[in-house]
1. Rounded to the nearest 5, what % of the DSSP beta bridges within the chain are antiparallel ones?
2. Need one word for the range 198-320: rounded, prolate or oblate. Basis is the Cα gyration tensor (sqrt eigenvalues a ≥ b ≥ c); a/c below 1.5 gives rounded, then a/b vs b/c decides.
3. Name the GluC sites (Glu not before Pro) in the range 74-158 that are in a loop by DSSP and that have at most 15 other C-beta atoms within 10 Å, would you?
4. As I understand it, the value is the acute angle between the Cα axis of helix 32-41 and the longest principal axis of the Cα atoms of the chain; what does it come to in degrees, rounded to 10?
5. Grab the DSSP H runs of the chain that are 4 residues or longer, score each as -39,500 (n - 2.57), total them, divide by all residues and round the 222 nm result to the nearest 500 deg cm²/dmol.
6. Kirkwood hydrodynamic radius (Cα pairs, Å) of the chain?
7. Over all directions, how big on average is the projection of the convex hull of the alpha-carbon atoms in the range 72-152, in square nanometres?
8. For the range 101-188, what does the convex hull of the Cα positions come to per residue, in cubic angstrom?
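Every number in this text was worked out from the coordinates using simple rules, so none of it is lab data. Because the structure is predicted, anything quoted here is derived from the model rather than measured. No Cβ is skipped: glycine too gets one built from the backbone with ideal geometry, and neighbour counts run over all protein chains shown.
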Amino acid sequence: MKIAIVGAGAIGGLVGGHLARIGVDVTLIARGPHLAAIKQNGLRVTGAGSDFIVHPKAVEDPGEAGAQDYVIVSLKSPAVATMAKKMVPLLKDETAVVMAVNGLPWWYFHGLEGPLQGRKLTSLDPEGLQWDYIGPQRVLGCVVYPAAEVSEPGVITHVSGDRFSLGEPGKEVTDRVRTLSRLLIDAGLKAPVKKDIREEIWVKLWGNVAFNPLSALTGATLAQICGNAETRAVAKAMMTEAENVANAVGIRMPIDIEKRIAGAAAIGEHKTSMLQDLERGRQMEIDAIIGSVAELARLVEVATPTIDAILALVRQRASLLGLYP
């Protein structure tokens, strides 16, 4: 079994490290000082009860890795399109590509019955590069829950969480999704197979669509947003609009909106990924997390005035900082 990790940073390094520890033939695709450190010293995974070093193959050019059985893509969403063509040497007809990426996925309408079947979301894949080079037929959906960071080059610090939910776009339970689930479980991670992975994508996105841009605009943590009546009301309005969009494409949220907000508040003084990216001068995942919801709302003719307003504000803030193209 050959598995390549495209974007072997925090999450990719965590998965790749655990798989390499049980003897899977793993290739990490990374760059810069992180890649150099892995080549020289191996990859160390520490935290959350683990502390080990593995020595998987590590390269910058995917062409050096050769064809794979699975490719796990754990890049920030804006980087995936630029890597799509470079990933072609990794792909056989039967290669499964696991999109462990935040937000709505570019393949969302592949295998989904209804009037939007096969529709492409331009906010996620504006030039169709992911659709054309990766191919939606290869995709396995994935919802990522762990928190981790590259604490220094070659070192992944696992902060919390160990669940990677998996699912086929067509809602089948196939051999390829079962095999990967077993591998991840054997590696010490949780990997439930979901018949409808889109529902779980929406539940995670439901909070992110509000809390991520609000935190980037205000600098506030989850606890601060939820604890202030005015920002909590804005978050709830955005989440209500997002739920209306989800309902329009056949998704019913399995929990109440107030419980979802309370769950975010309980995380405490946590900075969202979008705020962390802003503070570190990294490109922000605006289109995957909020722009895609606004685009989908237009397709299904659902009004999203609060989402649209916050999207305009966070895009301009990011643009002025050079963090949004």
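1. Bridges in the chain that DSSP calls antiparallel: roughly 35 percent.
2. oblate
3. Passing both the DSSP loop test and the Cβ count: GLU94, GLU113, GLU127.
4. Tilt relative to the chain: about 40 degrees.
5. Per the formula, -12500 deg cm²/dmol.
6. Averaging 1/r across every pair of different Cα atoms and inverting gives 20.0 Å.
7. One quarter of the hull surface, i.e. the mean projection, equals 6.3 nm².
8. Residue-normalised Cα hull volume stands at 134 Å³.
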